[in-house]
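**Q** Structure provided below as structure tokens; questions to follow.
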Amino acid sequence: MALFVGSGPVLTVHREQIVGLAARHELPASYPLREYVVAGGLMSYGASITEAYRQAGIYTGRILKGEKPDDLPVMRSTKFEFVINLKTAKALALEIPPSLLATADEVIE
């Protein structure tokens, strides 16, 4: 059995509680943001929040220079992050294959 946590502001605000519950019930879990993994979650795969903020800054600059918001294209995330927490994997008695570790953007030890 495993847990897959979806995205959304309510879930993100309560990420530490969600991660804690998964740990208490010894459930391997996958999350949408690296912040869950930093809080102790097993792994995450999702859009880079840093990149989203950077893109918002670019849009803001374009609007401040006179472009109309209606004329700006809708942007989608193009940069995704895969993060693994090895300490959590060890606590769950999981062995992460080296090939999976090699594809991770960040490994937290």
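Residue-wise test of (1) under 17 Å from the mean Cα position of the chain (by Cα); (2) more than 22 Å from Arg15 (Cα to Cα); (3) among the polar types (S, T, N, Q).
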{"site": "Ala39", "(1), (2), (3)": "yes, no, no"}
{"site": "Ser44", "(1), (2), (3)": "yes, no, yes"}
{"site": "Thr50", "(1), (2), (3)": "yes, no, yes"}
{"site": "Gly66", "(1), (2), (3)": "no, yes, no"}
{"site": "Leu72", "(1), (2), (3)": "no, yes, no"}
{"site": "Phe80", "(1), (2), (3)": "yes, no, no"}
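Here's the yes/no breakdown for (1) closer than 19 Å to Leu3 by Cβ; (2) open to solvent by 60 Å² or more (accessible area, probe 1.4 Å); (3) of a type in the set (S, T, N, Q); (4) in a helix (DSSP H, G or I):
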site: Gly46; (1), (2), (3), (4): yes, no, no, no
site: Ala52; (1), (2), (3), (4): no, no, no, yes
site: Gln55; (1), (2), (3), (4): no, no, yes, yes
site: Ile63; (1), (2), (3), (4): no, yes, no, yes
site: Pro73; (1), (2), (3), (4): no, yes, no, no
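**Q** Which numbered condition in (1) hydroxyl-bearing (Ser, Thr, Tyr); (2) open to solvent by 50 Å² or more (accessible area, probe 1.4 Å); (3) touching a Pro at 6+ places or on another chain (Cβ under 9 Å); (4) assigned to a helix (DSSP H, G or I) is the only one that Ser7 fails?
**A** Just one mismatch for Ser7, condition (4).
**Q** Right, something else. Looking at (1) modelled with pLDDT of 90 or more; (2) exposed (fewer than 10 other Cβ atoms within 10 Å of the Cβ), which is the only condition Met1 fails?
**A** (1)
**Q** Just give me the residues in region 28-38 being open to solvent by less than 40 Å² (accessible area, probe 1.4 Å) and closer than 16 Å to Ala89 by Cβ, in sequence order.
**A** Pro28, Ala29, Ser30, Tyr31, Tyr36, Val37
**Q** Check whether at least one residue in region 75-86 is surrounded by 12 or more Cβ atoms within 10 Å (Cβ to Cβ), β-branched (Val, Ile, Thr) and part of a helix (DSSP H, G or I), and report yes or no.
**A** No, because not a single residue in region 75-86 is surrounded by 12 or more Cβ atoms within 10 Å (Cβ to Cβ), β-branched (Val, Ile, Thr) and part of a helix (DSSP H, G or I).
**Q** Let me ask you something else. Within region 87-109, which residues are open to solvent by 50 Å² or more (accessible area, probe 1.4 Å), under 28 Å from Ala56 (Cβ atoms) and assigned to a loop (DSSP other than H, G, I, E, B)?
**A** Asp105
**Q** Inspect region 11-25 for any residue being open to solvent by 40 Å² or more (accessible area, probe 1.4 Å) and touching a residue at least 40 places away in the same chain (Cβ under 8 Å) and give the result as yes or no.
**A** Kept after step one, since they are open to solvent by 40 Å² or more (accessible area, probe 1.4 Å), are these residues of region 11-25: 11, 13-17, 21, 23-25.
Right, trim to touching a residue at least 40 places away in the same chain (Cβ under 8 Å) and you get 23.
Yes, region 11-25 contains at least one residue that is open to solvent by 40 Å² or more (accessible area, probe 1.4 Å) and touching a residue at least 40 places away in the same chain (Cβ under 8 Å).
The values are calculated or read from the model by the stated rules, or taken from the named source; none is laboratory data. The model shown is predicted, which means the values in this text are computed figures rather than measured ones. With ideal geometry, Cβ positions are generated from the backbone for all residues, glycine too; neighbour counts draw on all protein chains shown. With ligands, DNA and RNA removed, areas are computed over all heavy atoms of the protein, side chains included. Shrake-Rupley method; radii C 1.70, N 1.55, O 1.52, S 1.80 Å.
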